Amino acid sequence: MYREMTNNSDPLVNSLYTSGIGRIILKTIMITRADKLAVAFLKSPLSKYMLPRYVRKNGLDFGRPELSGYRSFREFFARKNASVSIDFSPKHLISPCDGWLSVYEISESSLFKIKGSIYSTTDLIQDDTLAQKYAGGLCLVFRLCASDYHHYCYIDDSMQGNNYYIEGELHSVQPIALENYKVFARNRRSWCILDTDNFGPVVQAEIGALIVGGIVNPKSNVRVSRGEEKGHFELSGSTIVLMFEPGRIGLLPKYKEATIENEVRVEQGMWIGIAKT
């Protein structure tokens with residue numbers, strides 16, 4: 001069952017972004033890349049002892065016998081999910097991932113607002129000529145939590161172009177971080193153009209987050225199919241952004257008013273909108 005709700009930030013993340021000492025710690029992490037130590041630990045066999053508590057905390061359906069097959073936290077986190085259900089109706093727009101959806105109209109001047117920050121489409125992809133094509137269109141933001149399945153799929157039969165990687169910082173993508181930093185313009189990200197059969201050219205951007213070092217997109221310049229795996233994140237919550245040209249899609253009523261304050265739960269492969277052309 002899906003329900004609209006506002007997700008509060010994790011207490012530790014909240015402290016990092018709102019308290020004086022927290023901001024000093026956060027700045028130290030960003031400068032020294034101390035998070036690399038955390039990443040190294042989560043990839044090591046020592047981290048497997050975290051799994052029972054992590055599973056209980058996030059309400060995941062895993063027992064101890066099942067967990068014994070994973071050699072590290074990272075191996076568990078990057079696990080495959082065999083139960084994904086894909087809507088294959090050609091005109092149906094599907095969610096590329098599990099997570100929390102918010103929707104933003106891109107103004108004719110290519111701007112959209114998330115929390116207190118004004119973004120331009122150029123901020124996201126650093127290509128002004130291409131960004132102008134999405135003025136007046138829609139921007140869909142999918143925020144993945146730590147408990148979500150972190151593999152993501154193609155939304156339609158498409159021709160995928162090059163992957164473009166933008167080195168950046170690794171701020172949290174939780175709402176409290178969005179209030180304090182222009183996260184989507186500052187974080188590490190990878191983007192490409194999907195020339196889809198039913199929704200026109202779509203920009204898809206994967207955005208890293210605190211502790212997420214890896215954005216794995218193995219394919220480029222290749223024909224792909226709806227529901228086929230596009231890539232995955234490693235280790236923690238992240239974000240996927242889709243940008244559509246004007247008049248290309250219409251969202252189902254449930255999702256039209258979704259914002260970061262009132263996100264709507266989605267699952268990978270489910271129907272969220274329809275092609276208009």
Filter Lys133/Lys254; Lys219/Lys254; Lys80/Lys133; Lys91/Lys256 down to the pairs with a C-alpha to C-alpha distance above 24 Å, please.
Lys133/Lys254; Lys219/Lys254; Lys80/Lys133
Give the calculated FRET efficiency between Asp197 and Arg56 to the nearest 0.05, with a Förster radius of 51 Å applied to their Cβ-Cβ distance.
0.75
Would you mind computing, in nm to one decimal, how far apart the modelled labels at Ser85 and Ser220 are, each placed 7 Å from Cα along Cα→Cβ?
3.7
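Can you check what the net charge comes to around Ser225, using other residues whose Cβ is under 15 Å from the Cβ of Ser225 (Lys, Arg +1; Asp, Glu -1)?
-3
Each reported figure results from applying straightforward, stated rules to the coordinates on display, with no laboratory input. Keep in mind that what you see is a predicted model, and the values were worked out from it rather than measured. Here the Cβ is made from the backbone with ideal geometry for all residues, glycine too, and neighbour counts use every protein chain on show.
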